[in-house]
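Asks: Structure incoming, see below.
Read the figures in this text as sums done on the coordinates, not as results from a lab. What you are looking at is a predicted structure, and each value in this text was computed from that prediction instead of being measured. Cβ coordinates were reconstructed from backbone atoms using ideal geometry, including for glycine residues, and neighbour counts include every protein chain displayed.
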Amino acid sequence: MNHPFDPVFDSESKILILGTFPSVKSRENGFYYGHPQNRFWKVISALCMSEVPITIAAKKQLLLSHKIALWDVLRSCEIVGSSDASITNAFPNDLSTLITHSKITLICFNGKRAEALFRSFSPNLGIEMITLPSTSAANAIVSLETLVKRWDEVLGPWIQS
């Protein structure tokens, strides 16, 4: 399966958030983190002190207005449903164009699986990288409050600057 979405970024983007690969619901809804139980948009909205965006245009605007880029580690893979654990035959996205045409100085992984996949391709980008707790509903053991707190510890200073 090929990745269906372009990256979200512009020349002012400083933070790149990388997930693994879009879920079935995200693919059906035509944009990142489209499953209603995924807490990504709630977390980002809390960090940006904004309403949770509903439309794709509003989601892009929220990210770009806070200098956040969004993409996934994988350009293609075999996946069963939405299970990151089932991913095989994975091929990475080429981040070079995104990084060259932006001001990315921090890469954050939305969960350990995104980081593990990224590191399996061992790109040495010379950019600071931090793994954050996954916003996925599969990570329900971590509360929304805890997610916001942990993401804010890392991203808060970058978003406010």
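Asks: Determine which member of the set L106, L144 is of a type in the set (A, V, I, L, M, F, W, C) and touching a Leu at 6+ places or on another chain (Cβ under 8 Å).
Replies: Within the list L106, L144, the selection yields L106.
Asks: Which of the following residues is of a type in the set (V, I, T) and either under 17 Å from Y33 (Cβ atoms) or touching a Ser or Thr at 6+ places or on another chain (Cβ under 8 Å) (or both): V154, V142?
Replies: Unique residue meeting the criteria: V142.
Asks: May I pose another question? Taking into account only those residues within the range 40-65 that are among the basic types (K, R) and touching a Phe, Trp or Tyr at 6+ places or on another chain (Cβ under 9 Å), which is surrounded by the most Cβ atoms within 10 Å (Cβ to Cβ)?
Replies: It comes out as K59.
Asks: Sticking with this structure for a sec: A69 - would you say it is outside any loop (DSSP other than H, G, I, E, B) and either out of contact with any Phe, Trp or Tyr (no Cβ under 7 Å at 6 or more places or on another chain) or surrounded by fewer than 18 Cβ atoms within 10 Å (Cβ to Cβ) (or both)?
Replies: no
Asks: Among the residues in the range 17-38, are any assigned to a helix (DSSP H, G or I), in contact (Cβ under 8 Å) with a residue 60 or more places away in the chain, of a type in the set (K, R) and closer than 17 Å to A137 by Cα?
Replies: No: the range 17-38 contains no residue that is assigned to a helix (DSSP H, G or I), in contact (Cβ under 8 Å) with a residue 60 or more places away in the chain, of a type in the set (K, R) and closer than 17 Å to A137 by Cα.
Asks: So, in the range 83-106, of the ones that are of a type in the set (A, V, I, L, M) and not in a strand (DSSP E or B), which residue ends up nearest to W158 (Cα to Cα)?
Replies: I104
Asks: Next up: Residues being in contact with a strand residue (DSSP E or B) (Cβ under 9 Å, 6 or more places away or on another chain) and either among the hydrophobic types (A, V, I, L, M, F, W, C) or more than 25 Å from A138 (Cα to Cα) (or both): count how many of those fall in the range 81-111.
Replies: Within the range 81-111, residues that are in contact with a strand residue (DSSP E or B) (Cβ under 9 Å, 6 or more places away or on another chain) and either among the hydrophobic types (A, V, I, L, M, F, W, C) or more than 25 Å from A138 (Cα to Cα) (or both) number 14.
Asks: Which residues, taken from the range 107-131, are touching a helix residue (DSSP H, G or I) at 6+ places or on another chain (Cβ under 6 Å), in a strand (DSSP E or B) and in contact (Cβ under 8 Å) with a residue 60 or more places away in the chain?
Replies: F109
Asks: Have a look at V142, V80 and point out the one that is assigned to a loop (DSSP other than H, G, I, E, B) and surrounded by 14 or more Cβ atoms within 10 Å (Cβ to Cβ).
Replies: Sole residue among the options that is assigned to a loop (DSSP other than H, G, I, E, B) and surrounded by 14 or more Cβ atoms within 10 Å (Cβ to Cβ): V142.
Asks: Looking at D10, D72, D6, which is the one that is among the charged types (D, E, K, R), within 12 Å of the chain's Cα centre (by Cα) and over 20 Å from R150 (Cβ atoms)?
Replies: D72
Asks: Assess whether V43 counts as being part of a loop (DSSP other than H, G, I, E, B), over 13 Å from L18 (Cα atoms) and not small (G, A, S).
Replies: no
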